[in-house]
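Here's the structure we're looking at; comments come further down.
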Amino acid sequence: MSKREKIGILGGTFNPVHKGHLQMARESQEKLQLDKIIFIPASVPPLKEGQITAYASRRKWLAKAIAGEATWEISDIEQQRQGKSYTYDTLVVLQEMYPQAELYFLTGADSLTTLTDWYKWQEILDLCYFVITTRPGYELVMTEEIKQREAKAKKGILLLPIDALPLSSTEIRTALQQGENIEHFIPSEIIDEVKQAWQ
């Protein structure tokens with residue numbers, strides 16, 4: 001019997017993509033022995049507020065940032081699907097696309113603070129391994145409600161300590177608007193384009 005393909009899913013607004021995203025992907029892939037990682041830019045993120053850069057720009061930056069990685073790719077399924085970009089809906093589609101694969105949804109520890117607000121969060125834990133990686137400032141600790149649901153889930157939650165970088169797209173955008181140097185946070189391939197978008 002052949003080994004099941006293990007696919008990492010990394011969704012986000014990527015507004016802009018930064019080295020923290022790439023570090024999470026790289027270390028998660030290594031520790032979980034994932035065959036590939038699919039990056040999925042959100043089209044209309046349901047829990048994000050404020051102005052979001054056009055999808056085409058965010059996708060272009062992401063494509064340039066991961067161009068050297070043979071096992072990394074981008075999916076436009078959230079952009080092709082109209083309406084808000086719910087993780088549950090995306091996972092249902094991916095399960096249909098890769099029926100023999102094991103799906104690992106990669107996210108940061110900050111997601112534990114909002115998970116119960118996610119659309120159909122309980123069902124998400126049946127569709128994939130929900131991988132919570134280290135994020136500075138947040139603890140890798142589940143609430144009692146999440147623990148109880150996780151215990152019954154078909155897949156469930158994996159807590160994965162990584163050497164996470166203390167970066168967020170929000171902080172980077174603020175730094176850009178204030179004219180600060182952010183070159184050590186952003187992949188060199190896109191630094192000029194990202195600067196132009198916010199300065």
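Points to keep in mind about this one:
- Measuring nothing but how far apart in sequence close Cα pairs (under 8 Å, 6+ apart) lie, relative to its length, the chain scores a relative contact order of 25 percent.
- Within straight-line reach of LYS154, meaning a Cα separation under 15 Å, sit the following aspartates and glutamates at least 8 residues removed in sequence or on another chain: GLU102, GLU123, ASP126.
- Fewest-first ranking of SER85, SER43, using other Cβ atoms within 10 Å as the exposure measure: SER43, SER85
- Annotation for segment 101-199: trypsin sites (Lys or Arg not before Pro) lying in DSSP loop with at most 15 further Cβ atoms inside 10 Å of their Cβ are LYS120, LYS154.
- Each peptide in 165-172, 138-145, 5-12 gets a packing score, the mean of other Cβ atoms within 10 Å over its residues, and the list from highest to lowest is 5-12, 165-172, 138-145.
- Ellipsoid semi-axes in whole angstrom, largest first, where each is sqrt(5λ) of the Cα gyration tensor of segment 6-166: 22, 18, 17
- Net charge in the neighbourhood of SER111 (other residues with Cβ under 12 Å of its Cβ; Lys, Arg +1, Asp, Glu -1) is -1.
- Under a model in which nothing but the beta-carbon of Lys, Arg (+1) and Asp, Glu (-1) is charged, the chain shows a dipole of about 300 debye around its Cα centre.
- Helix-derived mean residue ellipticity, 222 nm - over the chain, DSSP H n ≥ 4, -39500 (n - 2.57), to 500: -10500 deg cm²/dmol
Read the figures in this text as sums done on the coordinates, not as results from a lab. Please read all numbers here as calculations on a predicted model, not as lab measurements. With ideal geometry, Cβ positions are generated from the backbone for all residues, glycine too; neighbour counts draw on all protein chains shown.
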